[in-house]
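Input: a single structure, listed below in structure tokens.
The values are calculated or read from the model by the stated rules, or taken from the named source; none is laboratory data. Bear in mind the structure is a predicted one, so any value in this text is a computation, not a measurement. Here the Cβ positions follow ideal geometry from the backbone for every residue, glycine too, while neighbour counts run over all protein chains shown. Surface areas here come from the heavy atoms of the whole protein model, side chains and all, with no ligands, DNA or RNA. Shrake-Rupley method; radii C 1.70, N 1.55, O 1.52, S 1.80 Å.
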Amino acid sequence: MPVARIDGKSNSLIPDFLFKLRDYQRQAVDAVIHHFQKSDESALIVLPTGAGKSLVIAELARLAHYPILVLAHVSELVEQNAAKYRLLGESCSIFAAGLNEKETDQKVCFASIQSASRNLDDFNRYYSLIIIDECHRVSCDKDSQYQQLLMHLNTFNPKLKVLGLTATPYRLNQGWCYQYDYRGFVRPTKQPAFTHGIYELTLATLIRRGYLTPPKMIDAPIAQYPFDACRDSKGLFPEAAMNTLLVRSKRVTQAIIGQVIELAETRKGVMIFAATVRHAKEIMGYLSEQSAALVIANTPANERSETIKQFKQQKIKYLVNVSVLTTGFDAPHVDMIALLRPTESLSLFQQIVGRGLRLSPDKSDCLVIDYAGNGFNLYQPEVGQPKPDSDSVPVMVPCPECGFSNTFWGKLDADGQLMEHYGRRCQGLIEIDHVQQQCNYRFRYKQCPHCLGENDIAARQCQQCGETLIDPDEQLKKALSLKDAKVIRCAGIRFFNEQNQLVIRYYDEDGVELSEKFDLKKTRVLKQFNLIFAKRQWLDPKWIKNLEQAMANERNYRPPDFVIARKKGHFWKIQARIFDYQGAYRLANQEH
């Protein structure tokens, strides 16, 4: 006879054999309750693929005293979440055209966002809480389906609480989904859909504790696509550019699929992630029709459902897809993942690999092969910025002002020492006059020539004095048009002690140089040097007091991206140094 337990916040009896939360699931539930007891602001929890988000949702729905609405973007997730809730012996409504159900009469309703947003009048009622699964899909656009529904529901409850769940809180094309993290820092994002991140569990923790299948990463595939050549200025991979590259790589694709078939001989289920639809169709041409199937965005719903059903029943071995099975897909027997597409972020890479990490009988590992050269470490933290290049890794950078340890992209030397990083602003939270706000320390900044205030490198107007900031592209364009001006792309910087004065030489790619002198014995000059260079140091940015300190710290100073000089008699006098450049002109040692 199973023993029933009574939850402290509910009178319902739950047989233990039906429902028992893991410790981290209970922690997530407790974090939600604690947050909404003190705040109506929206919140988000991060749980990796396979962590059991649907069980967390079910428990929160069970504990609710007033009506709640659970949203998902596909019918499969609506059905899955509702099924977990019904395991508790509870009844619920389902509102999803894809499931042929449109009811809202129960305390808990599970709905697809498409059906709900198209039938707003069916939701003319009070809801205390909205739970959004796969909430990284929520847009802040007021015309989006989610925002239209939330605005409608707010008219019935102005204090409506909104909770999101996701495994990927960062997407390159929209940034972080939330702003304030419960661990005491701020996520750099312009328009987050959620205010607070209140709980997060890492993929590494689940694997280490045996809740997920260990991945077996293959580091030496037979070939790789050079997708880096397709990356645009925003870090994205346009489809047209990828198709052009893939047309020239047909032999590469054929060789890759040959290796996939060979390595999959003893595997039960193989998911292949293609870069484009054209690419996916080419891949299908190298696989047996009897053992492979393709799912893309415009695959008819019935055909998609039947294909997925056959794959789960292991009637087909290979499932090829293009950006449609990265979330909300559950096939525990999958034991091989082949990435033939680039991924814009670590979160998406983890989400894809996670398709093969669910536990299943007789499954000891999941083989993962990256043919796209993504270069992500599955266990590294999400940085929240596009990866600058293949050599960059997540690095910890302490803030000189508040002491917070930031995670940025950076580069390490052979001894593991930090050489440089690409962080802009400290993400730490500090308290000023009993109000928490983001630390103002900037590692990279655009300095206002009027008030010397520090601004984000993309700013066009000074946040301190309101003056218009100099556009670096216009500055370079003007200098390049002058006959008596010289502009160099700075590839390196050296310090020299000449007659007790600091001489700084800037070098371009071809060895052309410009130089300037600083007599650091003079208070005014010392201050000028520090204003230009002191904070632009890789490690421990601080003002120097004399020439000896400057020379000793030479390797720590970041060179500017461009140096502009004007001709004065027989010499060149430096007029401007442009740091942290982002614009149309090529940087030193950057491909044309």
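Residues of the range 298-316 that are surrounded by 12 or more Cβ atoms within 10 Å (Cβ to Cβ), under 30 Å from the mean Cα position of the chain (by Cα) and in a loop (DSSP other than H, G, I, E, B): 299 alone.
For the range 407-458, the candidate set comprises residues that are open to solvent by less than 50 Å² (accessible area, probe 1.4 Å) and among the polar types (S, T, N, Q); within that set, the residue that is nearest to residue 384 (Cα to Cα) is 407. Does at least one position in the range 268-291 carry a residue that is closer than 30 Å to residue 408 by Cα and assigned to a strand (DSSP E or B)? There is at least one residue in the range 268-291 that is closer than 30 Å to residue 408 by Cα and assigned to a strand (DSSP E or B). A residue that is without any contact (Cβ under 8 Å) to a residue 40 or more places away in the chain, among the β-branched types (Val, Ile, Thr) and open to solvent by 10 Å² or more (accessible area, probe 1.4 Å) can be found somewhere in the range 323-339.
Just the residues that are assigned to a loop (DSSP other than H, G, I, E, B) and either loosely packed, with under 14 Cβ neighbours inside 10 Å or not assigned by the TED database to the domain that holds residue 452 (or both), please, taken from the range 518-541.
521, 522, 540
Restricting attention to the range 148-162, does a residue exist that is farther than 19 Å from residue 70 by Cα, part of a loop (DSSP other than H, G, I, E, B) and open to solvent by 60 Å² or more (accessible area, probe 1.4 Å)?
Within the range 148-162, the subset farther than 19 Å from residue 70 by Cα is none.
Looking for residues that are farther than 19 Å from residue 70 by Cα, part of a loop (DSSP other than H, G, I, E, B) and open to solvent by 60 Å² or more (accessible area, probe 1.4 Å), one finds none in the range 148-162, hence no.
Within the range 326-377, the residues that satisfy the criterion of being assigned to a strand (DSSP E or B) and under 28 Å from residue 391 (Cβ atoms) are 337, 338, 339, 340, 366, 367, 368, 369, 370. Scanning the range 421-443 turns up one or more residues that are under 20 Å from residue 589 (Cβ atoms) and in contact with a strand residue (DSSP E or B) (Cβ under 8 Å, 6 or more places away or on another chain). A single entry from 280, 275, 229 fulfils the requirement of being among the aliphatic types (A, V, I, L, M) and either at pLDDT below 80 or open to solvent by 80 Å² or more (accessible area, probe 1.4 Å) (or both): 229.
Residue-level analysis places residue 45 among those that are in a strand (DSSP E or B) and at negative phi. Within the bounds of the range 71-80, is there any residue that is under 30 Å from residue 333 (Cα atoms), of a type outside the set (Asp, Glu), in a helix (DSSP H, G or I) and open to solvent by 50 Å² or more (accessible area, probe 1.4 Å)? Checking the range 71-80: at least one residue is under 30 Å from residue 333 (Cα atoms), of a type outside the set (Asp, Glu), in a helix (DSSP H, G or I) and open to solvent by 50 Å² or more (accessible area, probe 1.4 Å).
Checking the stated criteria, residue 257 turns out not to satisfy the condition of being assigned by the TED database to the domain that holds residue 294 and part of a strand (DSSP E or B).
Within the range 181-222, the set of residues being open to solvent by 60 Å² or more (accessible area, probe 1.4 Å), under 22 Å from residue 264 (Cβ atoms) and not in a loop (DSSP other than H, G, I, E, B) comprises 216, 217.
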